[in-house]
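The values are calculated or read from the model by the stated rules, or taken from the named source; none is laboratory data. Just so you know, these numbers come straight off a predicted model, no measurement behind them. Positions of Cβ are generated from backbone atoms using ideal geometry, with glycine treated the same way; all protein chains shown enter the neighbour counts. Remember, those area values only see protein heavy atoms, side chains included, never the ligands or the DNA or RNA. Shrake-Rupley method; radii C 1.70, N 1.55, O 1.52, S 1.80 Å.
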Amino acid sequence: MAVPEFLPVKPGKMIAVHVAFESRAAQRGRWPKAPSYFLKATSTLAGTGQVVQRPAGTELLAFEGEIALIIGTPARNVSLDEAWKHVAYVTASNDIGLYDYKVQDKGSNTRSKSRDGYTPIGPELIPAQDIDPKSLRLRTWVNGEIVQEGTSSDEDLIFPLAQFVADLSQHMTLEEGDIILTGTPAGSSVIEPGDVVEVEVDIPGGVTSGRLKTTVEEVAADFDAKLGSLPYVDDKQREDAYGDRESAGLEPLDNGGLDPQLKAALEQAPTAGLSAQLRNRGINQSVIEGVYPQTKGTKMVGVARTLRFVAGREDLFKSHGGGLNEQKKVFDTVKEGEVIVIEARGESGSGTLGDILALRAKVRGAAGVVTDGGVRDFEAVREIGLPVFTQGAHPCVLGRKHVPWDSDIAVSCGNATVLPGDIIVGDDDGVIVIPRALAKEVAEGALAKEHEDEWVATQVETGASLDGLFPPTGKNKEAYLAFRDGAANESKEGDQ
């Protein structure tokens, strides 16, 4: 593919932003704390009206309408205030990718994003110094139907456009003609041979890039297994390429992806028995200390989604406490079967959630919330019916003691380390954390011990001594095993 003639200078490099739009982050359920990037080969550049090729045998070719920045003057260690002065033009771009190679690329996007023609750009250039960089609109159409719309405003973008220039200039010299692709809003999805994609960047009622048009065609595959990896697709890649599981035609993941049989076993097993099994396997710090259910008799099982508060500081709460802050993002994107685990440093001197957040989590299908801090609107939260384990009630708002800081990281809640994806189980005794790899054997061990304890209890009720009975040894052990095996045989016969 030849470099489009309308570009003022052949770019030396092309840099793409991973996630930059609030809507895309919400779709993914994860917000970046800082911009992150990958490189695209300049040989991927194409103009309007050209075709993009999907190799035969692949299935996940996806479009991403984006705003492209074209550098006008070299930028090295420029400030955020000065960065926009180094941008010469703005135009439309389409950051096309083949998700069939995303796994093999391991984050580099080298093969998935740098095939020839995978970066259409144009068709017209908008002089950057003549516009407000926060006034741009981005739209994408597939076969004439609008599928993406976003703006460069502070409400839509996580980071301002100028920040990409300033940030990158800390690490490399951005030279005349270099191109920055600034991320895509929600709505990116898979396209098929014959589909027509159009992308436009404009200021409503003002200047426009015109529509960048690309048509998809299928071509013979040219992959040689002797030279490198072949395409690979699984449901995770399909979900990412289509944007969500429903659009990809996949069944929803209930219980946060937790196996239904394992979930049922954990619901039967008491936390006391589960913690004993973890101790038998060398894990003693499994209990989230000091938290108990709002409502007696609550049983909670789910997959950890983590949220961390740092100690209150007025200037930090001003910058991190308002708007769609980290706390609200987690409650707004929690998935079915997930338990929100909040690190509040054991500080119960203000609420860490209230009735509105609890209602949002309940509506989204969360399995519960665990916080080693306090809960506002305590009775209202209880009435919502979401399992909540906490130190207790407190009337004050979050900002009195806490600043919502980050999420989806390792946290320390109630003196227990919790990783995203750990299994959380709670009942009247409290809450424990189970490493996912151990969950099945721990659940089976706890249920087996529970069965044994029930037999011991019946013996004690009839007057038997605890000596050699708790736990069963010798003849008592033989008696229990005979009882257990007999019950198992009766169960098998009943199933026939």
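Quick notes on this structure:
- Loop-resident sites, region 244-333, for chymotrypsin sites (Phe, Trp or Tyr not before Pro), counting at most 11 other Cβ within 10 Å (DSSP): none
- Sorting the segments 415-426, 368-379, 121-132, 470-481 by their residues' average number of neighbouring beta-carbon atoms within 10 angstrom, most packed first, yields 368-379, 415-426, 121-132, 470-481.
- Whichever aspartates and glutamates have a C-alpha closer than 15 Å to that of residue 40, once near sequence neighbours (fewer than 8 apart) are set aside: 64, 66, 95, 105, 116, 178
- Accessible carbon and sulfur surface of the chain relative to its total accessible area, %, 1.4 Å: 50 percent
- Rg/Rh (Cα only; Kirkwood hydrodynamic radius) as it applies to region 260-437: 0.95
- Long pairs among 102/335; 113/329; 236/328; 328/401; 263/477; 263/296, criterion Cα-Cα beyond 22 Å: 102/335; 113/329; 236/328; 263/477
- Taking a ≥ b ≥ c as the square roots of the eigenvalues of the Cα gyration tensor, an a/c ratio of 1.5 or more together with a/b larger than b/c marks the chain as prolate.
- Cα gyration tensor shape of region 14-248, rounded if a/c is under 1.5, else prolate or oblate by comparing a/b with b/c: prolate
- Computed from the Kirkwood radius of its Cα pairs, the Stokes-Einstein diffusion coefficient for region 441-494 at 25 °C and 0.890 mPa s stands at 207 µm²/s.
- Space enclosed by the convex hull of the alpha-carbon atoms of region 127-247, per residue, Å³: 187 Å³
- Accessible area expressed per residue, the chain, with surrounding protein chains retained (probe 1.4 Å, Å²): 45 Å²
- Applying 1/(1 + (r/R0)^6) with R0 = 51 Å to the Cβ-Cβ distance of residue 279 and residue 153 gives a FRET efficiency near 0.45.
- The chain: relative contact order in percent, alpha carbon pairs under 8 Å with at least 6 residues between: 14 percent
- Taking amide H as placed 1.01 Å from N in the peptide plane, the amide H of residue 52 sits under 5 Å from that of 215, 216, 217, each at least 5 places away or on another chain.
- In this simple spin-label model, placing a label point 7 Å from the Cα along the Cα-to-Cβ direction at both residue 440 and residue 232 gives a separation of 2.1 nm.
- In the chain, the DSSP-assigned H stretches of four residues or longer account for a calculated mean residue ellipticity at 222 nm of -7500 deg cm²/dmol, using -39500 (n - 2.57) per stretch and the full residue count as denominator.
- Net lengthening on full extension, residue 429/residue 82 (0.36 nm per residue, minus Cα-Cα): 119.1 nm
- Projected label distance in nm at residue 3 and residue 104, using a 7 Å step from Cα toward the beta-carbon: 2.9 nm
- Where a label projected 7 Å from the Cα of residue 10 along Cα→Cβ would reach, residues of region 68-96 with amide N under 19 Å: 70-72
- Three semi-axes of the equivalent ellipsoid, region 64-113, Cα gyration tensor, whole Å, largest first: 30, 14, 8
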